[in-house]
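**Q** The following block contains the structure, expressed as structure tokens.
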Amino acid sequence: MIKEKAQILDQEGIRRSLTRIAHEIIERNKGTDGLALVGIRRRGVPLAGRLAERIMDIEGHRVPVGILDITLYRDDLTTLAHQPLVRSTEISFQVEGKIVVLVDDVIYTGRTIRAALGALIDLGRPKAIQLAVLIDRGHRELPIRADYIGKNVPTAKKEEISVRLQEIDGEERVVILETPD
Amino acid sequence: MKLRGKDMVGLRHITAQEIELILNTAEAMKGIINRQIKKVPTLRGRTVITVFYEASTRTRTSFELAAKYLSADTVGIAAATSSVSKGESLKDTARNIAAMGADVVVLRHPMAGAAELLASTLQASVINAGDGAHEHPSQGLLDLFTAREKKGRLEGLKVAIIGDIMHSRVARSDIWGYTRMGAEVRLAGPSTLIPRDIEKMGAIVCENIEDALAGADVVNVLRIQTERQQQGLFPSLREYSRMFCINRERLGLAAPDALLMHPGPMNRGIEISPDVADGLQSVITEQVTNGVAVRMALLYLLIGGGAR
């Protein structure tokens, strides 16, 4: 049985984290010129949309938002028990020369991000790629780090972080789940 | 979700959910074909062998490109001129392929059931790229994909298949596929080229071509397979053309926004007139692009991971 160990963020917590990240993105890139957001399926997608709205509120400028599906770039396809569904990548703008902020819910081993970098670069040559995540739970297996982090959460490997978003899960919170030995 | 079998030998025993999975996956794959860098690393280190006992440019190239876009290695075995007794040579070929370590074998063979035979002897996945007049599942799937993409659905569509039904593996795969997805399939052609019990597959045989075309959403024109015609099944090509050629007037009987399809290669002026083949309703070129996407989907779904 998987049981809920603790709640890390509630609705307000998620909202404040995203607002701060939006400010940090604008500050670091000195505005929104050449900026684009790309959400990694699935939960990076609504998060990227929300960040774009925050940036619009702050700067009055709409940055392009895309959706990235990394399934075809995964390095664990042969070892997975279930074959993952391949879905479309929907990026309607040129990534060439853009500062692309990848958005995902959780960074863990870094392998998803490695796959995302490959997938993104195959679409063109961005000027820079940055990474925004809601939760960094540690345990990296690759030399990859996030540029914008909602919350650092030290975890044990047997624990799991579950980000639940209104658009996908019908609720708004982040919890730690624990699988007993 | 995953396909149930290790092979794709025909659409007869494929479920609606499996067809749905293939078409949805193909939709994502189509995005890759339209990119500047047409390559993803998914099938790196995998090998696809195409074995064609019959001539083909389109289908073979399509499978090879599909494999290459997914980073698989491809090898073609040219068996077109083989004159060895068929059953035996196929088993020999199978043994060689197994020894070379192929992950997928794409087979075209003049004998119905050849792909199934190969599938039962090989550990590798087998994709049927046409076996006699039996099935050509990847063509059937690309027809479904094109219809669904343009019409937004398959259920309730009226599909007319016109021409030489008897010798057509495309027609058979189309009938299984479309009817499984809830579309209505009507057939018309020279009565000598319509097999007696084809209605058992779930299609409707029309007395005349006008009935088949009336209000159709999709018109699929089959190639007159001049190489397969036994003498005397219809008087002459000119006579066939007069009775069954899909021209502007006949296409006008179908729905105003009907799609015109042809599995290729076309005999212009015989089964299809050049003006409609190149006209606004024609999706014949798009079928070719979609063929690559559907074959990429099949390759991914058969060997793209998930422990079997």
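**Q** What is the ratio of the Cα radius of gyration of the range B:1-151 to 2.2 N^0.38 Å, with N the residue count, to two decimals?
**A** Working: Rg = 15.4 Å, N = 151, 2.2 N^0.38 = 14.8 Å.
Rg over 2.2 N^0.38 Å, computed on Cα atoms: 1.04.
**Q** I've got another one for you. For A:ARG111, A:ARG137, give me the order by solvent-accessible area with a 1.4 Å probe, most accessible first, ignoring ligands, DNA and RNA.
**A** Listed by decreasing accessible area, they come as A:ARG111, A:ARG137.
**Q** Using only the Cα atoms of the range B:160-308, build the gyration tensor, take square roots of its eigenvalues as a ≥ b ≥ c, and label the shape rounded, prolate or oblate: rounded if a/c is under 1.5, else prolate if a/b is larger than b/c, else oblate. Each step should come with its number before you reach the end.
**A** Working: a/c = 1.65, a/b = 1.46, b/c = 1.13.
Taking the square roots of the gyration eigenvalues as a ≥ b ≥ c, the range B:160-308 is prolate.
**Q** Continuing with the same structure: Please work out how much accessible surface A:LYS5 shows to a 1.4 Å probe, ignoring ligands, DNA and RNA, in Å² rounded to 10.
**A** Near enough 110 Å² of accessible area.
**Q** What is the spread of the Cα atoms of the range A:32-169 along each of their three principal axes, largest first, in whole Å?
**A** Cα extents, longest axis first: 43, 30, 29 Å.
**Q** Please work out the Kirkwood hydrodynamic radius for chain B, using every pair of different C-alpha atoms, and report it in angstroms with one decimal place.
**A** Working: mean 1/r = 0.0509 Å⁻¹.
Computed over Cα pairs of chain B, the Kirkwood hydrodynamic radius comes out at 19.7 Å.
**Q** Within the range B:162-213, which GluC sites (Glu not before Pro) sit in a loop by DSSP and count at most 13 neighbouring Cβ atoms inside 10 Å?
**A** Details: sites: B:GLU184, B:GLU199, B:GLU207, B:GLU210; in loops: B:GLU207.
Passing sites in the range B:162-213 are B:GLU207.
**Q** Right, next: What are the ³J(HN,Hα) couplings of the range B:192-203, residue after residue, when phi is run through the Karplus curve with 6.51, -1.76, 1.60 and θ = phi - 60°? Round to Hz, x for glycine and proline.
**A** 6, 10, 10, x, 4, 9, 5, 5, 5, 6, x, 9
**Q** For the range B:73-208, just list the percent of Cα-Cα distances falling in each 5 Å bin from zero outward, please.
**A** Going out from 0 Å in 5 Å bins, the range B:73-208 shows 2, 10, 17, 18, 15, 13, 11, 9, 4, 1, 0 percent.
**Q** In peptide B:40-50, how many Cβ atoms from other protein chains are near each Cβ within 10 Å, on average? Intermediate results must be reported in sequence, preceding the final value.
**A** Working: counts 8, 9, 6, 2, 2, 1, 1, 0, 0, 0, 0.
Mean inter-chain Cβ contacts per residue within 10 Å come to 3.
**Q** Roughly how many debye, to the nearest 20, is the charge dipole of chain B about its Cα centre, given +1 on each Lys and Arg Cβ, -1 on each Asp and Glu Cβ, and no other charges? Can you show the working numbers first?
**A** Values: 37 positive and 33 negative charges, 191 e Å.
In debye, rounded to 20, chain B gives about 920.
**Q** While we're on this one: Using a/c under 1.5 as the rounded threshold, could you call the range B:223-308 rounded, prolate or oblate? The axes a ≥ b ≥ c are square roots of the C-alpha gyration tensor eigenvalues, and prolate needs a/b larger than b/c, oblate otherwise. Walk me through the intermediate numbers first.
**A** On the way: a/c = 3.40, a/b = 1.68, b/c = 2.02.
Since a/c reaches 1.5 but b/c is at least a/b, the shape of the range B:223-308 is classed as oblate.
**Q** Now, a different point. Give the Rg/Rh ratio for the protein assembly as shown, taking Rg as the radius of gyration of the Cα atoms and Rh as the Kirkwood radius, to two decimals.
**A** Numbers: Rg = 26.4 Å, Rh = 25.1 Å.
Looking at the protein assembly as shown, the ratio lands at 1.05.
**Q** Continuing with this model, one more query. When the C-alpha atoms of the range B:146-235 are aligned to their principal axes, what extent does each axis show, in angstrom, from largest down?
**A** The Cα atoms of the range B:146-235 stretch 42, 23, 23 Å along their principal axes.
**Q** Once neighbouring chains are kept in place and the probe is 1.4 Å, which whole percent of the accessible area of chain B is contributed by carbon and sulfur? Could you put the intermediate results ahead of the total?
**A** Details: 6420 of 12890 Å².
For chain B, the apolar C and S fraction of the accessible surface comes to 50 percent.
**Q** What fraction of the Cα pairs in the range A:19-63, stated in percent, has a spacing above 13 angstrom? Walk me through the intermediate numbers first.
**A** Working: 490 of 990 pairs.
Result: 49 percent of Cα pairs exceed 13 Å.
**Q** Rounded to the nearest 500, what is the 222 nm mean residue ellipticity of the protein assembly as shown from helices alone, with -39500 (n - 2.57) per DSSP H run of 4+ residues and division by all residues? If you can, show how the numbers build up before the last one.
**A** On the way: 15 runs with 170 residues, N = 489.
Taking each H run of at least 4 residues, the total per residue is -10500 deg cm²/dmol.
The values are calculated or read from the model by the stated rules, or taken from the named source; none is laboratory data. All figures in this text were calculated on a predicted structure; none of them were measured in a lab. Ideal geometry is used to build each Cβ from the backbone, glycine not excepted, and the neighbour counts take in all protein chains shown. Only protein heavy atoms, including side chains, enter the accessible area calculation; ligands, DNA and RNA are left aside. Shrake-Rupley method; radii C 1.70, N 1.55, O 1.52, S 1.80 Å.
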